[in-house]
Amino acid sequence: MARSLDKPKVDLKKIDTLIKEYDGKKWALIPLLQKIQQEIGYIPPETTQRIANSMGLYPVQVQGVISFYTQLYTKPQGKKVVRVCRGTACHVRGGKTILKLVRQHLGVEEGETTPDYEYTLETVACIGVCALAPNLVVGTTTHGHMNPRKVAQLFTDRKGME
Ligand code: FES
(Lines give C-alpha, C1' and ligand atoms only; values in the text may rest on other atoms or scores of the structure.)
Protein backbone atom coordinates (compact mmCIF):
# COMPACT_ATOMS: atom_id res chain seq x y z
CA MET A 1 0.00 0.00 0.00
CA ALA A 2 1.20 3.51 -0.79
CA ARG A 3 2.53 5.72 1.97
CA SER A 4 0.13 8.42 3.05
CA LEU A 5 1.31 11.92 2.25
CA ASP A 6 0.27 15.06 4.08
CA LYS A 7 -3.04 16.58 3.11
CA PRO A 8 -2.39 19.69 0.99
CA LYS A 9 -2.44 22.85 3.14
CA VAL A 10 -5.44 25.14 2.74
CA ASP A 11 -4.47 28.60 1.51
CA LEU A 12 -7.01 30.59 3.54
CA LYS A 13 -5.47 33.90 2.42
CA LYS A 14 -6.17 33.05 -1.20
CA ILE A 15 -9.70 31.91 -0.32
CA ASP A 16 -10.36 35.14 1.61
CA THR A 17 -9.30 37.15 -1.45
CA LEU A 18 -11.76 35.22 -3.60
CA ILE A 19 -14.54 35.61 -1.03
CA LYS A 20 -13.91 39.36 -0.87
CA GLU A 21 -14.63 39.68 -4.60
CA TYR A 22 -18.17 38.46 -3.95
CA ASP A 23 -18.76 40.28 -0.65
CA GLY A 24 -22.49 40.68 0.02
CA LYS A 25 -23.53 39.20 -3.34
CA LYS A 26 -25.85 36.40 -2.22
CA TRP A 27 -26.79 35.67 -5.83
CA ALA A 28 -23.18 34.79 -6.60
CA LEU A 29 -22.81 31.89 -4.16
CA ILE A 30 -22.48 29.23 -6.87
CA PRO A 31 -19.98 31.21 -9.00
CA LEU A 32 -17.92 31.82 -5.83
CA LEU A 33 -17.95 28.14 -4.89
CA GLN A 34 -16.94 27.21 -8.44
CA LYS A 35 -14.13 29.75 -8.36
CA ILE A 36 -12.80 28.44 -5.03
CA GLN A 37 -12.88 24.91 -6.39
CA GLN A 38 -11.18 26.00 -9.60
CA GLU A 39 -8.40 27.75 -7.68
CA ILE A 40 -7.96 25.43 -4.69
CA GLY A 41 -9.21 22.15 -6.17
CA TYR A 42 -12.03 21.74 -3.63
CA ILE A 43 -14.05 23.70 -1.09
CA PRO A 44 -12.46 23.21 2.33
CA PRO A 45 -15.20 22.78 4.98
CA GLU A 46 -13.53 25.43 7.17
CA THR A 47 -14.43 28.06 4.55
CA THR A 48 -18.20 27.59 4.91
CA GLN A 49 -18.48 30.02 7.83
CA ARG A 50 -16.28 32.62 6.07
CA ILE A 51 -18.40 32.45 2.91
CA ALA A 52 -21.63 32.70 4.91
CA ASN A 53 -20.39 35.73 6.87
CA SER A 54 -19.30 37.53 3.73
CA MET A 55 -22.49 36.87 1.78
CA GLY A 56 -24.96 37.42 4.59
CA LEU A 57 -26.12 33.78 4.55
CA TYR A 58 -26.39 31.07 7.19
CA PRO A 59 -23.60 28.45 7.06
CA VAL A 60 -26.25 25.77 6.60
CA GLN A 61 -27.39 27.50 3.38
CA VAL A 62 -23.84 27.43 2.01
CA GLN A 63 -23.43 23.80 3.10
CA GLY A 64 -26.76 22.91 1.49
CA VAL A 65 -25.66 24.24 -1.90
CA ILE A 66 -22.28 22.48 -1.65
CA SER A 67 -23.89 19.12 -0.87
CA PHE A 68 -26.55 19.54 -3.59
CA TYR A 69 -24.07 19.85 -6.43
CA THR A 70 -22.08 16.64 -6.86
CA GLN A 71 -19.43 18.47 -8.90
CA LEU A 72 -18.48 20.51 -5.83
CA TYR A 73 -15.97 18.69 -3.66
CA THR A 74 -15.29 19.13 0.05
CA LYS A 75 -12.17 16.96 0.07
CA PRO A 76 -8.92 17.46 -1.84
CA GLN A 77 -9.06 15.78 -5.23
CA GLY A 78 -6.23 14.14 -7.09
CA LYS A 79 -4.39 16.09 -9.80
CA LYS A 80 -6.18 13.85 -12.29
CA VAL A 81 -9.74 12.58 -11.92
CA VAL A 82 -10.23 9.13 -13.44
CA ARG A 83 -13.83 8.52 -14.48
CA VAL A 84 -14.69 4.98 -15.42
CA CYS A 85 -17.93 4.61 -17.35
CA ARG A 86 -20.50 2.29 -15.81
CA GLY A 87 -23.16 2.93 -18.47
CA THR A 88 -24.92 0.04 -20.20
CA ALA A 89 -22.81 -0.04 -23.38
CA CYS A 90 -19.59 -0.03 -21.37
CA HIS A 91 -20.95 -2.51 -18.85
CA VAL A 92 -21.81 -5.14 -21.49
CA ARG A 93 -18.35 -4.74 -23.02
CA GLY A 94 -16.41 -5.37 -19.84
CA GLY A 95 -16.64 -2.05 -18.01
CA LYS A 96 -16.89 -3.85 -14.66
CA THR A 97 -13.52 -5.53 -15.23
CA ILE A 98 -11.98 -2.22 -16.32
CA LEU A 99 -13.18 -0.58 -13.10
CA LYS A 100 -11.81 -3.47 -11.03
CA LEU A 101 -8.40 -3.17 -12.73
CA VAL A 102 -8.27 0.61 -12.29
CA ARG A 103 -9.12 0.15 -8.60
CA GLN A 104 -6.26 -2.34 -8.28
CA HIS A 105 -3.75 -0.12 -10.09
CA LEU A 106 -4.63 2.97 -8.09
CA GLY A 107 -5.24 1.15 -4.81
CA VAL A 108 -8.42 3.13 -4.11
CA GLU A 109 -12.18 2.64 -4.32
CA GLU A 110 -14.69 4.88 -6.10
CA GLY A 111 -14.85 8.34 -4.59
CA GLU A 112 -11.36 8.00 -3.07
CA THR A 113 -8.11 9.78 -3.82
CA THR A 114 -4.69 8.15 -3.89
CA PRO A 115 -2.57 9.03 -0.83
CA ASP A 116 -0.20 11.10 -3.01
CA TYR A 117 -3.15 13.14 -4.38
CA GLU A 118 -2.32 12.17 -7.96
CA TYR A 119 -5.61 10.46 -8.83
CA THR A 120 -9.24 10.51 -7.72
CA LEU A 121 -11.38 7.61 -8.91
CA GLU A 122 -14.99 8.17 -9.92
CA THR A 123 -17.58 6.41 -12.03
CA VAL A 124 -20.01 8.04 -14.44
CA ALA A 125 -23.30 6.93 -15.97
CA CYS A 126 -22.24 7.54 -19.59
CA ILE A 127 -19.41 9.51 -21.14
CA GLY A 128 -21.29 9.88 -24.42
CA VAL A 129 -19.00 7.85 -26.67
CA CYS A 130 -20.73 4.49 -26.31
CA ALA A 131 -19.43 3.28 -29.70
CA LEU A 132 -15.93 3.15 -28.17
CA ALA A 133 -17.02 1.13 -25.12
CA PRO A 134 -15.65 0.35 -22.66
CA ASN A 135 -14.41 3.85 -21.88
CA LEU A 136 -12.72 5.81 -19.19
CA VAL A 137 -11.56 9.40 -18.88
CA VAL A 138 -8.33 10.57 -17.28
CA GLY A 139 -8.45 14.30 -16.68
CA THR A 140 -9.92 15.60 -19.93
CA THR A 141 -8.76 12.75 -22.17
CA THR A 142 -11.16 9.97 -23.11
CA HIS A 143 -9.70 6.50 -23.62
CA GLY A 144 -11.87 4.12 -25.63
CA HIS A 145 -11.86 0.39 -26.34
CA MET A 146 -10.25 -0.19 -22.96
CA ASN A 147 -8.77 -3.57 -22.10
CA PRO A 148 -6.50 -4.86 -19.32
CA ARG A 149 -3.33 -4.07 -21.32
CA LYS A 150 -4.41 -0.46 -21.93
CA VAL A 151 -5.31 0.01 -18.26
CA ALA A 152 -1.85 -1.26 -17.29
CA GLN A 153 -0.22 1.15 -19.78
CA LEU A 154 -2.19 4.12 -18.47
CA PHE A 155 -1.34 3.52 -14.85
CA THR A 156 2.06 1.92 -15.24
CA ASP A 157 3.67 4.60 -13.04
CA ARG A 158 1.51 3.37 -10.14
CA LYS A 159 2.99 -0.13 -10.04
CA GLY A 160 5.78 0.68 -7.61
CA MET A 161 3.30 2.04 -5.10
CA GLU A 162 1.31 -1.15 -4.53
S1 FES B 1 -22.19 3.77 -21.74
FE2 FES B 1 -20.10 4.21 -21.58
S3 FES B 1 -19.84 5.86 -22.94
FE4 FES B 1 -21.95 5.48 -23.00
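The values are calculated or read from the model by the stated rules, or taken from the named source; none is laboratory data. For clarity, every value in this text was computed on a predicted model and none was experimentally measured. Because the Cβ atoms are built from the backbone with ideal geometry, glycine has one as well, and the counts that use them run over all protein chains shown. Side chains are part of the model used for accessible areas, which takes the heavy atoms of the whole protein and leaves out ligands, DNA and RNA. Shrake-Rupley method; radii C 1.70, N 1.55, O 1.52, S 1.80 Å.
Could you go through the stretch 139-153 in sequence order and give the Karplus-derived ³J(HN,Hα) for each residue, using 6.51 cos²θ - 1.76 cosθ + 1.60 with θ = phi - 60°, rounded to whole Hz, and x for Gly and Pro?
3J(HN,Hα) across the stretch 139-153, in whole Hz: x, 10, 9, 8, 10, x, 6, 5, 8, x, 5, 5, 4, 4, 5.
Using Cα pairs under 8 angstrom and six or more residues apart, how large is the relative contact order of the stretch 1-82, in percent? Write down the numbers at each step before the final one.
Details: 73 pairs, mean separation 25.7, N = 82.
Relative contact order comes out at 31 percent.
Accessible area of the chain with a 1.4 Å probe: how many percent of it is carbon plus sulfur? Write down the numbers at each step before the final one.
Numbers: 5030 of 9470 Å².
Heavy-atom surface of the chain belonging to carbon and sulfur, 1.4 Å probe: 53 percent.
Excluding same-chain residues fewer than 8 positions from residue 13, which lysines have a Cα within less than 16 Å of its Cα?
Leaving aside lysines fewer than 8 places away in the same chain, those within reach of residue 13 are 35.
At 0.36 nm per residue, minus the direct Cα-Cα distance, what do residue 126 and residue 141 gain on full extension? Give it in nm, one decimal, please. Walk me through the numbers before you get to the answer.
On the way: separation 15, 0.36 × 15 = 5.40 nm, distance 1.47 nm.
Length gained between residue 126 and residue 141: 3.9 nm.
Under 5 Å between amide H atoms, partner at least 5 residues away or on a different chain: which partners does residue 124 have, H built in plane at 1.01 Å?
84, 85, 86
Towards the positive end of the charge dipole of the chain, with charges on Cβ (+1 Lys, Arg; -1 Asp, Glu), say which of 142, 29, 53 has the farthest Cα.
Farthest towards the positive end: 142.
Remind me, relative contact order of the chain in percent, using alpha carbon pairs under 8 angstrom and six or more residues apart? Don't skip to the answer; put the middle values down first.
On the way: 238 pairs, mean separation 35.4, N = 162.
About 22 percent, as a whole number.
Could you go through the stretch 37-42 in sequence order and give the Karplus-derived ³J(HN,Hα) for each residue, using 6.51 cos²θ - 1.76 cosθ + 1.60 with θ = phi - 60°, rounded to whole Hz, and x for Gly and Pro?
Once θ is set to phi - 60°, the couplings for the stretch 37-42 become 5, 4, 7, 9, x, 6 Hz.
What accessible area per residue, rounded to a whole number of Å², is obtained for the chain using a probe radius of 1.4 Å?
Numbers: 9470 Å² over 162 residues.
Roughly 58 Å² per residue, with all protein chains present.
Just the number, please: Stokes-Einstein D of the chain in µm²/s, Kirkwood Rh from C-alpha pairs, 4 °C, 1.567 mPa s. Working shown, then result.
Working: Rh = 17.3 Å.
The estimated diffusion coefficient comes to 75 µm²/s.
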